[in-house]
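Participant: Just dropping this structure here.
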Amino acid sequence: MSETLQLIKSRISANRFDTARELTVDEIRELVGYATEAPSAYNIQPWRFIAVTAPAAKARLKAVSYNQQKVEDAAVTFIVLGDLQGYERLPEILARSVAAGIIESQVADGWVEMARAGYGGNEQLRRDEAIRSASLAAMSLMMAAQAKGLVSGPMVGFDPAGVKREFGISDRFLPVMLLTVGYAAPGNWPRKPRFEVERVLAFNDDRPDWE
Ligand SMILES: Cc1cc2nc3c(=O)[nH]c(=O)nc-3n(C[C@H](O)[C@H](O)[C@H](O)COP(=O)(O)O)c2cc1C
């Protein structure tokens, strides 16, 4: 099996982190660099990451995360945010692709209009998109962490209003998930069983008994 496929098969959500091993700022930047390789609608890249590493900040984050201990134990917990107004940055984003010769400027102008029409009056879609794209970035970050010999843990167990309050996050940004990353300590659960593929995969018009 290729190394990439092995990484996919070996990732687990870690609860136990080695509290003695930190990550450098450069290591954290590198992980986020891989996260930003994820795809996003129109390449809007609505993800933002707050790396919580300082003990006092970790304690504040833990308090609004149902006291989940891993927030304090992991080298870093990322607050993964989604920009609810990300489409507004599309002219700048697409100008880069035009400058790089990847798309033509008429195409870019058309997409800007399409995105304005699609997202402008549709709060639900903006929220869905922020969650979709930020979640893909979080998955890329988890795989990058795994490749670097680290472990990770995605978390929805937090109070979004509390996280926003504690870290001065404006209403423009949606806390999508927390993501702990660090070195493993002993005692993590092994990989958990999954549904068989037959149970989750349908082809074309065949409808298995999902209801
Ligand atoms: C969106 C999301 C939110 C999660 N929230 C938490 C959480 O708050 N606390 C926790 O201990 N695990 C959390 N998990 C981890 C899941 O329990 C874990 O992914 C699942 O049991 C499968 O185990 P595995 O990731 O080790 O394969 C979360 C996972 C996801 C994808």
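The values are calculated or read from the model by the stated rules, or taken from the named source; none is laboratory data. Here the structure is a predicted model, which is why all the values come from computation and not from measurement. Cβ placement follows ideal geometry from the backbone for every residue including glycine, while neighbour counts extend to all protein chains displayed. What goes into the accessible areas is simple: the full protein's heavy atoms, side chains included, and nothing from ligands, DNA or RNA. Shrake-Rupley method; radii C 1.70, N 1.55, O 1.52, S 1.80 Å.
Participant: Restricting attention to segment 67-106, and to residues there that are open to solvent by 40 Å² or more (accessible area, probe 1.4 Å) and basic (Lys, Arg), which single residue is nearest to the ligand (Cβ to nearest atom)?
Facilitator: Restricting to residues being open to solvent by 40 Å² or more (accessible area, probe 1.4 Å) and basic (Lys, Arg), the top hit is Arg89.
Participant: Condition first: within 20 Å of Met177 (Cβ to Cβ) and either touching a helix residue (DSSP H, G or I) at 6+ places or on another chain (Cβ under 9 Å) or assigned to a helix (DSSP H, G or I) (or both). Can you find one or more residues in segment 105-115 that meet it?
Facilitator: No.
Participant: Inspect segment 124-145 for any residue being more than 22 Å from Ala41 (Cα to Cα), among the basic types (Lys, Arg) and away from the ligand (no atom under 15 Å from the Cβ) and give the result as yes or no.
Facilitator: Within segment 124-145, not a single residue is more than 22 Å from Ala41 (Cα to Cα), among the basic types (Lys, Arg) and away from the ligand (no atom under 15 Å from the Cβ).
Participant: Pairs only if they're at least six apart or on different chains, beta carbon under 7 angstrom, first in segment 153-178 and away from the ligand (no atom under 16 Å from the Cβ) and open to solvent by 50 Å² or more (accessible area, probe 1.4 Å), second modelled with pLDDT of 95 or more and not aliphatic (A, V, I, L, M); list them, first residue then second.
Facilitator: Close Cβ pairs satisfying both conditions: Glu166/Arg60; Arg172/Asp83; Arg172/Gln85.
Participant: Follow-up. Give me the residue from segment 121-130 that is out of contact with any Leu (no Cβ under 7 Å at 6 or more places or on another chain) and without any contact (Cβ under 8 Å) to a residue 60 or more places away in the chain and, out of that set, farthest from Gly153 (Cα to Cα).
Facilitator: Gly121
Participant: Given the conditions (1) over 20 Å from the mean Cα position of the chain (by Cα); (2) within 23 Å of Thr77 (Cβ to Cβ), which single one is not true for Ala100?
Facilitator: Only one criterion in (1) over 20 Å from the mean Cα position of the chain (by Cα); (2) within 23 Å of Thr77 (Cβ to Cβ) is unmet by Ala100, namely (2).
Participant: Give the residues of segment 180-211 that are within 15 Å of the ligand (Cβ to nearest atom) and either in contact with a Gly (Cβ under 7 Å, 6 or more places away or on another chain) or over 21 Å from Lys70 (Cβ atoms) (or both), sorted by residue number.
Facilitator: Thr180, Pro193, Arg194, Phe195, Val200
Participant: Of all residues in segment 11-60, count the ones that are open to solvent by 60 Å² or more (accessible area, probe 1.4 Å) and not β-branched (Val, Ile, Thr).
Facilitator: 18
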